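Here's the structure, in structure tokens; my notes come after.
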Amino acid sequence: MHTVDFIVFLVFTLGVVVFGCSFFRKGSTADEFTSAGHSVPGWMVGMSIFATYVSSISYIGYPGKAFAADWNAFVFSLSIPISSYFAAKYFVPFYRKSGSVSAYTFLEEKFGAWARLYASACYLLTQIARMGSILYLLAVPMYILMGWNIHAVIILTSIAIIIYSMMGGLKAVIWADAIQGFVLIGGALICLGLLLFSMPEGPMQAFELAVNSPTGNKFSLGEFSADLTRSTFWVCLIYGIFINLQNYGIDQNYVQRYHAAKSDRDARFSALFGGYLFIPVSALFFLIGSALYSYYTANPSLLPPDIAAKPDFVFPYFIVNTLPVGVRGLLIASIFAAGMSTVSTSVTSAATIVLTDYFKPFFPHATNRHHLAVLRISSVVVGVLGIIVAIAMLSVESIIDAWWKLSSIFSGGMLGLFLLGCIPLKINRMAALIGCICGVAVIAWISLAGLWDLPGLHLHEYLAIVLGTSTIFLIGFLATLAARRDY
């Protein structure tokens, strides 16, 4: 690694940590830590939502997916306008009026403490899995670049993120996210430009080779068949709608940002801005993946077989071996920007859930000092668990596939409970519990059927959240109607 690249990377990474720590204030309250004092402008909250979306999973996983296959995963992004519209119109006003920074207080009011604990546990599992996936992808370019021990990179990066998240709280995370968002967009644009203009016959050759690939059109959005056992266009679209409705409707990452905005109007704007910005930027990452395929098809001797066999390594390999001095350091810094913004968000939101849903109910008379201590200790514990998952991810072939499957499974149909609570009909608490048990059983079946080769239909794991949510909602609704008739 050239000295200039290392300086660019080091200055950026340490700068983010120092900047985040600068928000530390003695005498700050738990409310300031978890909701930034309700004082952040809408555009900045929107950039933070966007930066949370664009993790290292997007920065490395999307190009890897497009390089190896096609644009099928981009269908996920096309579902965002539906979710962000509902968020701005319904979810944001609802949470702003609730007065609780926890996304799951509402579930306890409707169905009892079990619903809150179930949803928050699912959320914590999802965030730990997400952190692990992202930390792994943060370590990949440094491993390829300098041969550093990948375990050491994961651990040291995690420590840096935990420090500024723990000290600065949500305000530090949002400000850092906004800065990192601009850096990662700039880095991706530079890389795409260099890729296209490095083609032997000019930029159009990249599109021609990708369209005429022997394995099929690299810009394909997937098959339009009704096959639910594979990742078709419809499976990805339905998965995207459900997972994004869950993100906007019941994900603590987003709910905290709604509270952080200084006004209801700013909060609604942030939901729309952050979601809509992700669509063209995710297309940019897929375009980089297609361009990488064309570049290495035109220059096959430049890509070692062991790297080609690991699609998630191809983009970092290109950065390390092709980009000019200085630009290479910027690109690596932008990958770190994408990952650090998302991991810091997960750390802060998970710590908030531990405080609001697990500590406060059992220790109602605890002081602000105790609350801050719980938030900071929880940040460390969650970070350590993320490190363990990241190390376990080293054997995964495609990180985007692994993360989407884990998020669909661990989400546990939380959205089903949320939708049950939102409808005008008063849902019977026992009916909701029965629906939840049935939903978890459906998710377990979908998750384990293929793994254990169980008899019967093997549906794609992306559909776990779809069918889990639908089962919880329908059974809870129908059981309530049945109970009313019996009565």
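Inside region 166-216, residues that are closer than 30 Å to Ser378 by Cα, open to solvent by 50 Å² or more (accessible area, probe 1.4 Å) and either among the charged types (D, E, K, R) or within 19 Å of the chain's Cα centre (by Cα) (or both) make up a count of 4. Just one of (1) touching a residue at least 40 places away in the same chain (Cβ under 8 Å); (2) farther than 30 Å from Pro203 by Cα; (3) touching a Phe, Trp or Tyr at 6+ places or on another chain (Cβ under 8 Å); (4) among the small types (Gly, Ala, Ser) trips up Ala366, so point out which. Among (1) touching a residue at least 40 places away in the same chain (Cβ under 8 Å); (2) farther than 30 Å from Pro203 by Cα; (3) touching a Phe, Trp or Tyr at 6+ places or on another chain (Cβ under 8 Å); (4) among the small types (Gly, Ala, Ser), Ala366 violates only (1).
Of the residues making up region 92-114, those that are modelled with pLDDT under 80, on the phi < 0 side of the Ramachandran plot and not polar (S, T, N, Q) are Val101, Ala103. Among the residues of region 226-240, those identified as surrounded by 13 or more Cβ atoms within 10 Å (Cβ to Cβ) and of a type in the set (A, V, I, L, M) are Leu228, Val235, Leu237, Ile238. In the set Ser290, Ser270, only one residue is in contact (Cβ under 8 Å) with a residue 60 or more places away in the chain and in contact with a Gly (Cβ under 9 Å, 6 or more places away or on another chain); that residue is Ser270. Does Ala152 satisfy the criteria of being surrounded by fewer than 22 Cβ atoms within 10 Å (Cβ to Cβ) and closer than 21 Å to Pro316 by Cα? For Ala152, the condition - surrounded by fewer than 22 Cβ atoms within 10 Å (Cβ to Cβ) and closer than 21 Å to Pro316 by Cα - is met. If Ala51 passes every condition in (1) open to solvent by 20 Å² or more (accessible area, probe 1.4 Å); (2) closer than 27 Å to Arg376 by Cβ but one, which one does it miss? With (1) open to solvent by 20 Å² or more (accessible area, probe 1.4 Å); (2) closer than 27 Å to Arg376 by Cβ applied to Ala51, the lone miss is (1). Once region 401-460 is narrowed to residues that are crowded, with 19+ Cβ neighbours inside 10 Å and of a type in the set (Val, Ile, Thr), the residue that is modelled with the lowest pLDDT is Ile409. Condition first: modelled with pLDDT under 80 and either under 30 Å from Leu419 (Cβ atoms) or open to solvent by less than 40 Å² (accessible area, probe 1.4 Å) (or both). Now tell me which residues in region 119-149 satisfy that. Within region 119-149, Leu137, Leu138, Ala139, Val140, Pro141, Met142, Ile144, Leu145 meet the criteria. Those helices (runs of 4 or more DSSP H) of region 1-116 in which 2 or more residues are under 22 Å from the mean Cα position of the chain (by Cα) occupy 3-21, 30-35, 42-53, 62-68, 75-78, 80-86, 92-98.
Filter region 60-96 down to residues that are closer than 12 Å to Ala271 by Cβ and of a type in the set (Val, Ile, Thr) and give me whichever is surrounded by the most Cβ atoms within 10 Å (Cβ to Cβ). Residue satisfying both the conditions and the ranking: Val92. Restricting attention to region 28-41, the residues that are at pLDDT 80 or above and surrounded by 21 or more Cβ atoms within 10 Å (Cβ to Cβ) total 1.
What pairs can you find where one residue is in region 3-27 and open to solvent by 70 Å² or more (accessible area, probe 1.4 Å), the other is assigned to a helix (DSSP H, G or I), and their Cβ atoms are less than 6 Å apart, with a gap of 6+ or different chains? Partner pairs satisfying both residue conditions: Phe24/Met167; Phe24/Gly168.
The values are calculated or read from the model by the stated rules, or taken from the named source; none is laboratory data. Owing to the predicted nature of the structure, the values given are computational and were not obtained by experimental measurement. Every residue, glycine as well, gets a Cβ built from its backbone with ideal geometry; the counts of neighbours run over all protein chains shown. Accessible surface is based on the protein model in full, side chains and every heavy atom, while ligands, DNA and RNA are left aside. Shrake-Rupley method; radii C 1.70, N 1.55, O 1.52, S 1.80 Å.
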